[in-house]
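Following: one structure in C-alpha coordinates, then a few remarks.
The values are calculated or read from the model by the stated rules, or taken from the named source; none is laboratory data. Since we're looking at a predicted model, the values are computed, not measured. As a convention, Cβ positions derive from the backbone with ideal geometry for all residues, glycine included, and neighbour counts pool all protein chains shown.
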Amino acid sequence: MAVVNRVRTESEKNLRNEDPLSGAAGAHPVGTGVGAALGGAATGAVAGTVAGPIGTVVGAVVGSIAGGLAGKAVAEGYDPTVEVEYWRGESAKRPYYDKNRNFADYEPAYRAGASSYDPTSPADFAVREAVAREEWERQGHSVLSWHEARPAAADAYTRLQQRRSK
(Lines give C-alpha, C1' and ligand atoms only; values in the text may rest on other atoms or scores of the structure.)
Protein backbone atom coordinates (compact mmCIF):
# COMPACT_ATOMS: atom_id res chain seq x y z
CA MET A 1 0.00 0.00 0.00
CA ALA A 2 1.47 3.34 -1.04
CA VAL A 3 1.78 6.20 1.45
CA VAL A 4 0.12 9.36 0.18
CA ASN A 5 1.57 12.67 1.31
CA ARG A 6 -1.25 15.14 1.72
CA VAL A 7 -0.86 18.88 1.87
CA ARG A 8 -1.33 20.26 5.38
CA THR A 9 -3.58 23.24 6.02
CA GLU A 10 -2.07 26.40 7.49
CA SER A 11 -3.76 25.59 10.80
CA GLU A 12 -2.11 22.16 10.89
CA LYS A 13 1.27 23.69 10.03
CA ASN A 14 0.86 26.20 12.87
CA LEU A 15 -0.02 23.45 15.33
CA ARG A 16 3.09 21.55 14.34
CA ASN A 17 5.16 24.78 14.45
CA GLU A 18 6.69 23.72 11.12
CA ASP A 19 10.01 24.98 9.85
CA PRO A 20 9.14 27.08 6.78
CA LEU A 21 11.92 25.52 4.68
CA SER A 22 12.08 21.87 5.70
CA GLY A 23 8.53 21.36 7.02
CA ALA A 24 9.94 19.68 10.14
CA ALA A 25 7.81 19.99 13.26
CA GLY A 26 9.03 22.00 16.23
CA ALA A 27 10.98 24.73 14.43
CA HIS A 28 12.33 27.67 16.43
CA PRO A 29 13.48 30.28 13.89
CA VAL A 30 13.12 33.19 16.33
CA GLY A 31 15.38 31.61 18.93
CA THR A 32 17.92 30.73 16.30
CA GLY A 33 17.87 34.24 14.85
CA VAL A 34 18.13 35.97 18.21
CA GLY A 35 21.04 33.78 19.23
CA ALA A 36 22.81 34.47 15.95
CA ALA A 37 22.22 38.20 15.98
CA LEU A 38 22.82 39.03 19.60
CA GLY A 39 25.27 36.55 20.98
CA GLY A 40 27.27 34.95 18.26
CA ALA A 41 27.93 37.72 15.78
CA ALA A 42 29.14 40.20 18.39
CA THR A 43 31.34 37.66 20.15
CA GLY A 44 32.79 36.36 16.89
CA ALA A 45 33.49 39.86 15.59
CA VAL A 46 35.36 40.82 18.76
CA ALA A 47 37.38 37.61 18.71
CA GLY A 48 38.20 38.05 15.03
CA THR A 49 39.36 41.66 15.47
CA VAL A 50 42.74 40.38 16.61
CA ALA A 51 43.35 39.20 13.04
CA GLY A 52 42.32 42.54 11.53
CA PRO A 53 39.32 43.56 9.39
CA ILE A 54 39.03 40.25 7.58
CA GLY A 55 39.25 38.42 10.90
CA THR A 56 36.40 40.57 12.20
CA VAL A 57 34.15 39.56 9.30
CA VAL A 58 35.09 35.88 9.53
CA GLY A 59 34.67 35.97 13.30
CA ALA A 60 31.21 37.52 12.96
CA VAL A 61 30.09 34.82 10.50
CA VAL A 62 31.43 31.95 12.59
CA GLY A 63 30.01 33.55 15.73
CA SER A 64 26.60 33.94 14.09
CA ILE A 65 26.48 30.24 13.34
CA ALA A 66 27.45 29.29 16.90
CA GLY A 67 25.05 31.86 18.35
CA GLY A 68 22.24 30.60 16.15
CA LEU A 69 22.72 27.07 17.46
CA ALA A 70 22.74 28.36 21.05
CA GLY A 71 19.58 30.40 20.44
CA LYS A 72 17.86 27.37 18.95
CA ALA A 73 18.74 25.33 22.04
CA VAL A 74 17.20 27.97 24.34
CA ALA A 75 14.09 28.22 22.18
CA GLU A 76 13.72 24.46 22.21
CA GLY A 77 13.38 24.49 25.98
CA TYR A 78 9.79 23.64 25.15
CA ASP A 79 8.13 22.19 22.10
CA PRO A 80 4.94 24.09 21.24
CA THR A 81 3.50 21.04 19.52
CA VAL A 82 3.97 18.88 22.62
CA GLU A 83 2.53 21.60 24.87
CA VAL A 84 -0.59 22.00 22.72
CA GLU A 85 -1.16 18.24 22.74
CA TYR A 86 -0.72 18.12 26.51
CA TRP A 87 -3.32 20.86 27.04
CA ARG A 88 -5.68 19.31 24.49
CA GLY A 89 -5.98 16.33 26.82
CA GLU A 90 -5.76 18.22 30.10
CA SER A 91 -7.74 21.44 29.59
CA ALA A 92 -11.24 20.02 30.22
CA LYS A 93 -10.07 18.90 33.69
CA ARG A 94 -9.13 22.43 34.76
CA PRO A 95 -11.44 24.41 37.09
CA TYR A 96 -11.62 27.41 34.75
CA TYR A 97 -12.65 25.33 31.72
CA ASP A 98 -16.18 26.14 30.56
CA LYS A 99 -17.85 22.92 29.33
CA ASN A 100 -19.79 25.00 26.76
CA ARG A 101 -16.52 25.84 25.03
CA ASN A 102 -14.05 23.68 23.17
CA PHE A 103 -10.28 23.36 23.19
CA ALA A 104 -9.86 25.69 20.21
CA ASP A 105 -11.28 28.51 22.36
CA TYR A 106 -8.50 28.04 24.94
CA GLU A 107 -5.63 27.10 22.64
CA PRO A 108 -4.44 30.68 21.96
CA ALA A 109 -4.19 31.25 25.72
CA TYR A 110 -2.11 28.10 26.22
CA ARG A 111 0.17 29.12 23.36
CA ALA A 112 0.54 32.66 24.72
CA GLY A 113 1.35 31.42 28.21
CA ALA A 114 3.95 28.97 26.95
CA SER A 115 5.57 31.44 24.57
CA SER A 116 5.85 34.08 27.31
CA TYR A 117 8.05 31.80 29.43
CA ASP A 118 11.70 32.83 29.32
CA PRO A 119 13.98 30.02 30.52
CA THR A 120 16.94 32.40 30.76
CA SER A 121 15.12 34.58 33.26
CA PRO A 122 12.37 32.54 34.89
CA ALA A 123 9.92 34.66 36.84
CA ASP A 124 6.44 34.06 38.18
CA PHE A 125 3.58 34.45 35.74
CA ALA A 126 2.54 37.73 37.39
CA VAL A 127 5.82 39.26 36.18
CA ARG A 128 5.44 37.90 32.62
CA GLU A 129 1.67 38.32 32.31
CA ALA A 130 1.96 41.44 30.15
CA VAL A 131 4.09 39.48 27.66
CA ALA A 132 1.54 36.65 27.60
CA ARG A 133 -1.35 39.03 27.12
CA GLU A 134 0.43 40.84 24.30
CA GLU A 135 1.07 37.51 22.54
CA TRP A 136 -2.55 36.43 23.10
CA GLU A 137 -3.82 39.72 21.63
CA ARG A 138 -1.39 39.45 18.69
CA GLN A 139 -2.90 36.07 17.78
CA GLY A 140 -6.26 37.86 17.61
CA HIS A 141 -8.56 34.88 17.06
CA SER A 142 -9.76 33.89 20.51
CA VAL A 143 -13.41 34.14 21.50
CA LEU A 144 -12.39 34.50 25.13
CA SER A 145 -11.76 37.75 26.96
CA TRP A 146 -8.31 38.06 28.58
CA HIS A 147 -10.02 37.57 31.94
CA GLU A 148 -11.29 34.17 30.72
CA ALA A 149 -8.04 33.27 28.94
CA ARG A 150 -5.65 34.31 31.71
CA PRO A 151 -5.94 31.13 33.85
CA ALA A 152 -5.12 28.94 30.83
CA ALA A 153 -2.12 31.12 29.95
CA ALA A 154 -0.95 30.99 33.57
CA ASP A 155 -1.33 27.19 33.58
CA ALA A 156 0.82 26.79 30.48
CA TYR A 157 3.46 29.18 31.82
CA THR A 158 3.57 27.49 35.22
CA ARG A 159 3.87 24.03 33.67
CA LEU A 160 7.02 25.10 31.81
CA GLN A 161 8.39 26.86 34.86
CA GLN A 162 7.91 23.75 37.00
CA ARG A 163 9.46 21.47 34.38
CA ARG A 164 12.54 23.71 34.20
CA SER A 165 13.01 23.80 37.98
CA LYS A 166 13.24 19.99 38.24
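What are the pairs, 6+ residues apart or on separate chains, where a residue within the range 112-134 that is in the same structural domain as T158 (by TED's automatic domain parsing) has its Cβ under 6 Å from a residue that is part of a loop (DSSP other than H, G, I, E, B) and crowded, with 20+ Cβ neighbours inside 10 Å?
Correct list of pairs: R128/S116; V131/S116; A132/S116.
Can you go through Y117, Y106, Y110 and tell me which one is within 14 Å of the chain's Cα centre (by Cα), in a helix (DSSP H, G or I) and among the hydroxyl-bearing types (S, T, Y)?
Step by step, each of Y117, Y106, Y110 is checked, and only Y110 is within 14 Å of the chain's Cα centre (by Cα), in a helix (DSSP H, G or I) and among the hydroxyl-bearing types (S, T, Y).
Identify the residue in the range 122-155 that is part of a loop (DSSP other than H, G, I, E, B) and touching a helix residue (DSSP H, G or I) at 6+ places or on another chain (Cβ under 9 Å) and, among all such residues, is surrounded by the most Cβ atoms within 10 Å (Cβ to Cβ). Before the answer, list the steps.
Pass one, the range 122-155, residues part of a loop (DSSP other than H, G, I, E, B): 122-124, 140-145.
Remaining after also requiring touching a helix residue (DSSP H, G or I) at 6+ places or on another chain (Cβ under 9 Å): 122-124, 140-144.
Details: P122: 14, A123: 12, D124: 11, G140: 7, H141: 7, S142: 20, V143: 12, L144: 16.
Filtering the range 122-155 for residues that are part of a loop (DSSP other than H, G, I, E, B) and touching a helix residue (DSSP H, G or I) at 6+ places or on another chain (Cβ under 9 Å), the one surrounded by the most Cβ atoms within 10 Å (Cβ to Cβ) comes out as S142.
Between a residue in the range 140-164 that is touching a residue at least 40 places away in the same chain (Cβ under 8 Å) and assigned by TED's automatic domain parsing to the domain that holds T120 and any residue that is in a loop (DSSP other than H, G, I, E, B) and aromatic (F, W, Y), which pairs come within a Cβ distance under 6 Å, given they are 6 or more apart or on different chains?
P151/Y96; Y157/Y117; L160/Y78; L160/Y117
Is one or more of the residues making up the range 71-94 surrounded by 14 or more Cβ atoms within 10 Å (Cβ to Cβ), in contact with a His (Cβ under 7 Å, 6 or more places away or on another chain), hydrophobic (A, V, I, L, M, F, W, C) and at pLDDT below 95?
The answer is yes, given that some residue of the range 71-94 is surrounded by 14 or more Cβ atoms within 10 Å (Cβ to Cβ), in contact with a His (Cβ under 7 Å, 6 or more places away or on another chain), hydrophobic (A, V, I, L, M, F, W, C) and at pLDDT below 95.
Looking at the range 115-131, which of its residues are out of contact with any Lys or Arg (no Cβ under 8 Å at 6 or more places or on another chain) and either under 12 Å from A156 (Cα atoms) or of a type outside the set (A, V, I, L, M) (or both)? Can you show your working first?
First, the residues of the range 115-131 that are out of contact with any Lys or Arg (no Cβ under 8 Å at 6 or more places or on another chain): 115, 120-121, 123-128, 130-131.
Selection gives S115, T120, S121, D124, F125, R128.
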